[in-house]
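Written below as structure tokens is the structure these notes are about.
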Amino acid sequence: MEYRIERDSMGEMQVPADRYWGAQTQRSKQNFVIGGEIMPREITHAFGILKKAAAIANHEIKPEKMTDEKLAAICKACDEVIAGKLNDHFPLVVWQTGSGTQSNMNANEVIANRGNEIAGKKLLHPNDDVNMSQSSNDTFPTAMHIAAVMGIEDALMPEMERLIETFKRLEKENDDCVKSGRTHLQDATPIKFSQEISGWRNMIEKTLEMLKLAMPGLKQLALGGTAVGTGLNCPKGFDVAVAKAVSEETGKAFVTAENKFHALTSKDDLVFAHGALKALAANLMKIANDVRWLASGPRCGLGEIHIPENEPGSSIMPGKVNPTQCESMTMVAVQVMANDVAVGMAASQGNFELNVFMPVCIYNFLQSVRLLADGIRSFNDHCVSGITANREKMSHNLHNSLMLVTALNPYIGYDNAAKTAKLAHKENISLKEACVRLGFLTPEKFDEVFHPEQMV
């Protein structure tokens with residue numbers, strides 16, 4: 001491998017000749033050989049966005065330092081970062097400095113070196129030009145918020161909306177389908193299958209609204225706070241100008257944070273948003289479990305719905321097909337719930353003027369967003385969209401449910417209804433036969449008041 005010499009304030013470093021990163025990135029790469037978790041690409045791309053926006057804001061405020069030529073070179077290099085063309089030049093792991101300083105410098109060095117290559121001369125300095133008016137302490141929190149917003153709004157929310165539409169279709173298709181309800185995993189009073197599905201739909205709708213409530217906080221940017229929130233070395237108006245530039249680049253309404261001391265040290269906006277992600281995960285766990293319970297069988301389970309058969313389910317039992325999409329969705333939910341612990345604990349480490357657990361915080365946050373978006377897409381496309389009701393089995397279970405006796409409460413009272421159900425169960429006879437045998441109602445009166453399909 002060929003190397004070149006790069007320099008920083010600590011001296012010289014050998015850097016692979018075909019890589020744009022510099023001395024500080026190389027030091028981090030060598031000093032933190034920990035795990036295999038690379039800084040999320042969403043953060044890499046967010047750095048491209050914020051560095052481009054910072055250059056635009058600096059050019060607007062102090063064009064004598066951020067010249068047209070420098071601006072053009074930085075913007076072109078940033079566009080390549082945003083497009084993912086330079087991903088291989090961002091090698092650093094999550095387990096580095098808690099401020100994300102090395103990832104900020106990674107971005108500065110790559111953009112400077114690539115910008116110099118574009119310009120055809122040594123035009124840009126990583127710190128003086130690409131990092132102008134910035135600190136790692138305000139850029140990394142900014143990258144976190146940009147990445148979080150784009151992940152939720154562009155990847156997750158559309159998949160949630162697609163799942164909602166699938167549930168709406170299933171509701172219409174099954175509005176005439178009455179089945180046994182269940183509480184405590186025991187038989188309960190009847191319910192329309194469409195009503196059961198409506199509960200699933202509303203779970204997704206509710207958590208979608210929760211996520212929307214979290215967006216205003218995530219759209220506040222720390223840029224302009226610099227090292228400790230005072231804005232040192234940052235020109236007046238830079239924070240507003242850079243937020244405007246980020247908004248124009250992303251098409252989203254980002255604003256500068258009202259209080260930069262809060263923006264640098266507190267990650268409560270991410271905690272709040274991840275709480276909504278955890279709520280979504282909890283709801284998806286319930287929905288996926290409901291689906292696999294209802295589809296259990298095919299002969300010895302509930303068997304009230306059919307789900308798509310996607311792949312063989314057993315290496316030894318021929319013909320077996322398992323609810324694999326449900327299992328995948330529930331595992332995603334477990335991971336998101338675990339991530340919530342990491343996000344919350346990381347957010348608690350805002351020591352004085354800076355949180356120093358930011359990489360692990362955003363790593364887990366973005367993993368949750370990514371897993372939920374992908375998981376919902378897979379669950380919707382390969383399972384939920386193909387659900388059909390086993391109407392025969394639903395009707396059979398409904399009419400054999402002892403909890404239909406609840407309809408008799410107004411006519412014979414709770415205690416007598418309980419006696420009827422117990423006798424029917426003990427003797428393995430119908431509710432009608434038990435009620436008549438006990439003398440509570442005549443056969444004619446029973447038929448008059450007992451209509452399971454009308455109990456919904």
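The values are calculated or read from the model by the stated rules, or taken from the named source; none is laboratory data. All figures in this text were calculated on a predicted structure; none of them were measured in a lab. FYI the Cβ positions are ideal-geometry reconstructions off the backbone, even for glycines, and counts take in every protein chain you see.
For region 103-135, enumerate the residues that are under 26 Å from the mean Cα position of the chain (by Cα) and either farther than 22 Å from E249 by Cβ or not polar (S, T, N, Q) (or both).
If the condition is that a residue be under 26 Å from the mean Cα position of the chain (by Cα) and either farther than 22 Å from E249 by Cβ or not polar (S, T, N, Q) (or both), then A107 is the only one that fits.
Would you please name the residue that is nearest to L294 (Cα to Cα), looking only at residues in region 384-416 that are loosely packed, with under 14 Cβ neighbours inside 10 Å and of a type in the set (D, E, K, R)?
Ranking the candidates gives E392 first.
Of the residues F254, F238, F261, which is at pLDDT 95 or above and surrounded by fewer than 23 Cβ atoms within 10 Å (Cβ to Cβ)?
Of F254, F238, F261, the one residue that is at pLDDT 95 or above and surrounded by fewer than 23 Cβ atoms within 10 Å (Cβ to Cβ) is F261.
Within the set of pairs 6 or more residues apart or between chains, which connect a residue that is in the same structural domain as M215 (by TED's automatic domain parsing) inside region 369-384 to a residue that is among the aromatic types (F, W, Y) and at pLDDT 95 or above with Cβ atoms less than 9 Å apart?
So the pair list comes out as V384/F167; V384/W200.
What number of residues within region 8-55 satisfy the criterion of being of a type in the set (A, V, I, L, M, F, W, C), surrounded by fewer than 22 Cβ atoms within 10 Å (Cβ to Cβ) and under 28 Å from V369 (Cβ atoms)?
Total satisfying the criteria: 4.
Given the criterion surrounded by fewer than 19 Cβ atoms within 10 Å (Cβ to Cβ) and touching a Phe, Trp or Tyr at 6+ places or on another chain (Cβ under 7 Å), identify the matching residue among K432, K445, K419.
Of K432, K445, K419, the one residue that is surrounded by fewer than 19 Cβ atoms within 10 Å (Cβ to Cβ) and touching a Phe, Trp or Tyr at 6+ places or on another chain (Cβ under 7 Å) is K432.
Would you check if A46 is of a type in the set (G, A, S), touching a residue at least 24 places away in the same chain (Cβ under 8 Å), more than 24 Å from V356 (Cβ to Cβ) and assigned to a helix (DSSP H, G or I)?
Taking the combined requirement at face value, the residue does not satisfy it.
Output the residues belonging to region 209-233 that are over 17 Å from N104 (Cα atoms) and touching a Gly at 6+ places or on another chain (Cβ under 9 Å).
M210, A214, G231
Would you point out which residue out of L408, L423 is among the aliphatic types (A, V, I, L, M) and in contact (Cβ under 8 Å) with a residue 40 or more places away in the chain?
L408
Within region 51-88, count every residue that is free of Cβ contacts under 8 Å to residues at least 24 places away in the same chain and touching a Leu at 6+ places or on another chain (Cβ under 6 Å).
Count: 1.
Could we say that P91 is surrounded by fewer than 24 Cβ atoms within 10 Å (Cβ to Cβ) and without any contact (Cβ under 8 Å) to a residue 24 or more places away in the chain here?
no
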